[in-house]
Amino acid sequence: MFNISRLFSLQITIAFLLAGLTACQSPVSRETEPSPQPVPEVTVIPFEDVQAPEPVQPETTHSKSDFINAAQLWLDQARFAPVPEQQDLLLRSAAALISAGQVSTSKQILNGIDVSGLSVPFKQRKRLLRAQLALDEGNSALALRYLSTYKRMQDPQLRAHAMSLLGQAYVVTNEPAKALRILIEREDYLDNIPDIEKNRERIWVLLGSMNSIELQIERQSTNEDTPLADWLDLALLYSDFGLDPHRLQQTVNAWAQINTLGGAQSFAIDLIKKASPSLNTESTPVQKIALLLPLASKFGAAAQSVHDGFMAMRALDGDPYKPAVAVYDIGDVPELAASYYQLAIEEGADLIVGPLGRQAASAIVNTQSPSVPTLLLGGVRSESLPPGTYQIDLAPEHEARQVAARAYLDGHRIAGVLRPNSDWGKRVAESFTQQFQELGGVVADTQSYEESSNDHSFAVQEILNISGSIGRKSALSALLGTKLEFQPRRRQDLDMLFLAAQPVTARLIKPQINFFQAHDIPVYATSHIYTGEPDPVNDTDLNKIIFPDMPWLLRNDTRAKMLRAAVQSERGDEADLERLFALGIDAYLLSRVIPYMEPDMTVELKGVTAERLSISKDQQIVRQLTWARFENGEPSILQSTEGTGFYENIQPDQMEKIESPLGAGSSSRTTGLSIYE
């Protein structure tokens, strides 16, 4: 059934993998035996007559080496195991290696497993692993072929796993409606609450990736009294009232009372609890908010935009008991923020929002012991924040980390980095590199360029190793003593580029990337590449670049977008200041939640600076951005990978790195955001 010599060779391969992972670890004392590591639970489906390993406790976190250790253990056992236990162990080993990111080794194992004489579940398990490998390698068409027979699977676990992969494949092929139907149907084959809750979360994220027009079209073609209709109704309600927690609770509660059955209704109740804890608690309501901003300073325009966004959102708040707001101008000296903070508390503030900027926010953390809930609007570089203190900011390092995570989840493993020769460029590039490497990717090269120049061909040639190709040609020509016909070739190992650039510079660099035969390499960037306003004439040169930004600037179908249009005619701010106006909106939304936070409470909000705002364990506000790609000179919304299956392929320790607050740096986009420097 399996070639034993090949098995032995694979064991040697895994041994080398383990050696590479442990080479940098501290040696274990000879006097102390290392504690045994638990075998991690991997995505395999046990079947009758085969004893599955003991399950791992839910809180256990496994590293890449844990999965490789598990694969080695199962390979060792398989070497002398009888049929069919040998095939079961080999399938488990292949699954563990997939979880460890060892795709090629897993593929070798699968190629050597003969299941032709075994029962159907063996063949189905192997087929599912083939589908998983195809998705990992970006071949969604092949994955769909492997998954086309999922309805023949009688085992509920097998079928549920197949449907999970199928939903993931449909997201990759940009068919969210199909993914939605599959995941809703999948709930019928799940038998435990955690899996059901996780599946519902994936459904909700999928719905969030669809705009209101898509939701309405899908709803019109859906029969009443079906689970799909319920989920679409809930998504449309959230789209209409997500920015007003008070009206959202009233509307969704009324809807849930009429529609009392189904997963969407259960999810709706949890959604309300997460979105508006102030409406589900007996705590004393906040009566006065102090808003600390440097209005009379060189950052006055930025501060005024935050103020306007905060007050605009308060005006839309339907709660008749919403708190009063007192504004404190902290002026041009960040160190005085602590004095204004104390004054606000003495004058009866129940909640502090601000100050704006890293220096002022740091002054609060370093000199105060906050006695009231506080939301800082700046990137405090601190390992931990005081109890009751939270922070949100727009630092570009956060975005660079999200770009790295997105690129990795899109299947890219070897990156090149192009950055400006500046402090900003260095910090952004380092943040991308750190996140990408932590996830298992490799940054093969980093090149800097001068922003003041109009010709960046040298940096582009260096990152693509064109100069090396030209050098080899010159050496060969000299050796042969003749002139050679020659077309320079770029390096072939890179599967993506990260471009840190402002719009004007990016419009010069991307055509040069195309010119040097790298038009097929995906290019990722932060929001700094986009001015915030559609400009199809000038931005045509940015076509195919993938980047994240605020839904405030990218989506045209939300109440937030309508709000922006309403205030823009009066304010006339540039897009950079519009980002700060959006920060003010989200700061108000968070101010209605933070005072009512309890230990271990999970809170998620629909924001305008992000698709979702969530509060992490270390009191950071994590922003999950909207993804877009330039098409015909304009941003085209991409489907989000978050929660739709991609994360199932990431190790638990990698998940922590992706979901944790995305760094704690600070920087500047233009003068509008220079307060973060």
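Out of segment 360-401, which residues are closer than 17 Å to Trp424 by Cα and not aliphatic (A, V, I, L, M)?
Gly378, Gly379, Arg381, Asp393, Pro396, Glu397, His398, Glu399, Arg401
Kindly provide the set of residues from segment 323-361 that are free of Cβ contacts under 8 Å to residues at least 24 places away in the same chain and of a type outside the set (A, V, I, L, M), ordered by number.
Matches in segment 323-361: Ser339, Glu346.
Please enumerate the residues belonging to segment 86-104 that are under 31 Å from the mean Cα position of the chain (by Cα) and at pLDDT 85 or above.
Of everything in segment 86-104, those that are under 31 Å from the mean Cα position of the chain (by Cα) and at pLDDT 85 or above turn out to be Leu91, Arg92, Ser93, Ala94, Ala95, Ala96, Leu97, Ile98.
Within segment 412-421, is there a residue that is modelled with pLDDT of 95 or more and among the charged types (D, E, K, R)?
For segment 412-421, residues modelled with pLDDT of 95 or more and among the charged types (D, E, K, R): present.
On the basis of being in the same structural domain as Ile546 (by TED's automatic domain parsing), closer than 22 Å to Val608 by Cβ and not hydrophobic (A, V, I, L, M, F, W, C), does Arg401 make the cut?
yes
Considering every residue within segment 240-252, establish whether at least one is under 20 Å from the mean Cα position of the chain (by Cα), modelled with pLDDT under 90 and aliphatic (A, V, I, L, M).
Within segment 240-252 (the criterion being under 20 Å from the mean Cα position of the chain (by Cα), modelled with pLDDT under 90 and aliphatic (A, V, I, L, M)), the answer is no, since none of the residues qualifies.
List the helices (runs of 4 or more DSSP H) inside segment 318-426, counting only whole elements, that have at least 1 residues being acidic (Asp, Glu) and within 31 Å of the chain's Cα centre (by Cα).
Correct list: 396-409.
Looking only at segment 211-223, decide whether some residue is buried (at least 16 other Cβ atoms within 10 Å of the Cβ), small (Gly, Ala, Ser), modelled with pLDDT of 85 or more and outside the structural domain of Ala134 (by TED's automatic domain parsing).
No, every residue in segment 211-223 fails to be buried (at least 16 other Cβ atoms within 10 Å of the Cβ), small (Gly, Ala, Ser), modelled with pLDDT of 85 or more and outside the structural domain of Ala134 (by TED's automatic domain parsing).
Of the residues that sit in segment 105-127 and are polar (S, T, N, Q) and within 28 Å of the chain's Cα centre (by Cα), which one is surrounded by the most Cβ atoms within 10 Å (Cβ to Cβ)? Before the answer, list the steps.
As a first pass, look at segment 105-127 and keep what is polar (S, T, N, Q): 105-106, 108, 111, 116, 119, 124.
From the residues that got through so far, the ones that are within 28 Å of the chain's Cα centre (by Cα) too are 105-106.
Working: Thr105: 20, Ser106: 24.
My answer is Ser106.
What number of residues within segment 330-350 satisfy the criterion of being surrounded by 16 or more Cβ atoms within 10 Å (Cβ to Cβ) and either under 15 Å from Gly584 (Cβ atoms) or hydroxyl-bearing (Ser, Thr, Tyr) (or both)?
The number of residues fulfilling the criteria is 2.
Quick grid of which residues meet (1) in a helix (DSSP H, G or I); (2) modelled with pLDDT under 90; (3) over 23 Å from Asp136 (Cα atoms); (4) of a type outside the set (Lys, Arg):
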{"site": "Gln154", "(1), (2), (3), (4)": "no, no, yes, yes"}
{"site": "Ala162", "(1), (2), (3), (4)": "yes, no, no, yes"}
{"site": "Leu165", "(1), (2), (3), (4)": "yes, no, no, yes"}
{"site": "Asn174", "(1), (2), (3), (4)": "no, yes, no, yes"}
{"site": "Ala177", "(1), (2), (3), (4)": "yes, yes, no, yes"}
{"site": "Glu185", "(1), (2), (3), (4)": "yes, no, yes, yes"}
{"site": "Glu197", "(1), (2), (3), (4)": "yes, yes, yes, yes"}
{"site": "Glu201", "(1), (2), (3), (4)": "yes, yes, no, yes"}
{"site": "Leu206", "(1), (2), (3), (4)": "yes, yes, no, yes"}
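Answer yes or no as to whether Asp233 is of a type outside the set (Val, Ile, Thr), in a helix (DSSP H, G or I) and surrounded by 17 or more Cβ atoms within 10 Å (Cβ to Cβ).
So Asp233 fits the description; yes.
Take Val365 and tell me if it is in contact with a Ser or Thr (Cβ under 7 Å, 6 or more places away or on another chain), crowded, with 19+ Cβ neighbours inside 10 Å, at pLDDT below 90 and not assigned by TED's automatic domain parsing to the domain that holds Asp188.
yes
Output the number of residues of segment 622-639 satisfying the condition of being among the aromatic types (Phe, Trp, Tyr) and closer than 24 Å to Ile392 by Cβ.
Total satisfying the criteria: 1.
Could you check segment 557-671 for helices (runs of 4 or more DSSP H) lying wholly inside it with 3 or more residues that are at pLDDT below 60 and within 18 Å of the chain's Cα centre (by Cα)? It would help to see each step written out before you state the result.
Working: elements: 559-571, 575-591, 652-659.
In segment 557-671, 652-659 are the helices (runs of 4 or more DSSP H) which contain 3 or more residues that are at pLDDT below 60 and within 18 Å of the chain's Cα centre (by Cα).
Considering Phe515, Phe458, Phe486, which residue is over 26 Å from the mean Cα position of the chain (by Cα), modelled with pLDDT of 80 or more and more than 20 Å from Gly425 (Cα to Cα)?
Going through Phe515, Phe458, Phe486 in turn, the sole match is Phe515.
Out of all the residues in segment 139-148, is one or more farther than 25 Å from Arg200 by Cα and either part of a loop (DSSP other than H, G, I, E, B) or touching a Leu at 6+ places or on another chain (Cβ under 8 Å) (or both)? If you could, list the steps in order and put the result at the bottom.
The initial filter retains those residues of segment 139-148 that are farther than 25 Å from Arg200 by Cα, namely 139, 141-142, 145.
After this cut, where a residue has to be either part of a loop (DSSP other than H, G, I, E, B) or touching a Leu at 6+ places or on another chain (Cβ under 8 Å) (or both) as well, the list is 139.
Yes, there is a match, as at least one residue in segment 139-148 is farther than 25 Å from Arg200 by Cα and either part of a loop (DSSP other than H, G, I, E, B) or touching a Leu at 6+ places or on another chain (Cβ under 8 Å) (or both).
Give segment 128-175 a look and list any residue that's more than 26 Å from Ile414 (Cβ to Cβ), crowded, with 20+ Cβ neighbours inside 10 Å and of a type outside the set (Ser, Thr, Tyr), or say none.
Result: Leu128, Leu147, Met153, Leu158, Arg159, Ala160, His161, Ala162, Met163, Leu166, Gly167.
Among the residues of segment 310-322 satisfying the criterion of being of a type outside the set (Phe, Trp, Tyr) and out of contact with any helix residue (DSSP H, G or I) (no Cβ under 8 Å at 6 or more places or on another chain), which is surrounded by the fewest Cβ atoms within 10 Å (Cβ to Cβ)?
From segment 310-322, those of a type outside the set (Phe, Trp, Tyr) are 311-320, 322; that's our starting set.
Add one more test, that the residue is out of contact with any helix residue (DSSP H, G or I) (no Cβ under 8 Å at 6 or more places or on another chain), and what stays is 315, 320.
Values: Ala315: 10, Pro320: 6.
By that ranking, first place goes to Pro320.
The values are calculated or read from the model by the stated rules, or taken from the named source; none is laboratory data. Keep in mind that what you see is a predicted model, and the values were worked out from it rather than measured. Quick reminder, even Gly has a Cβ in these numbers, built from the backbone with ideal geometry, and neighbours come from all protein chains shown.
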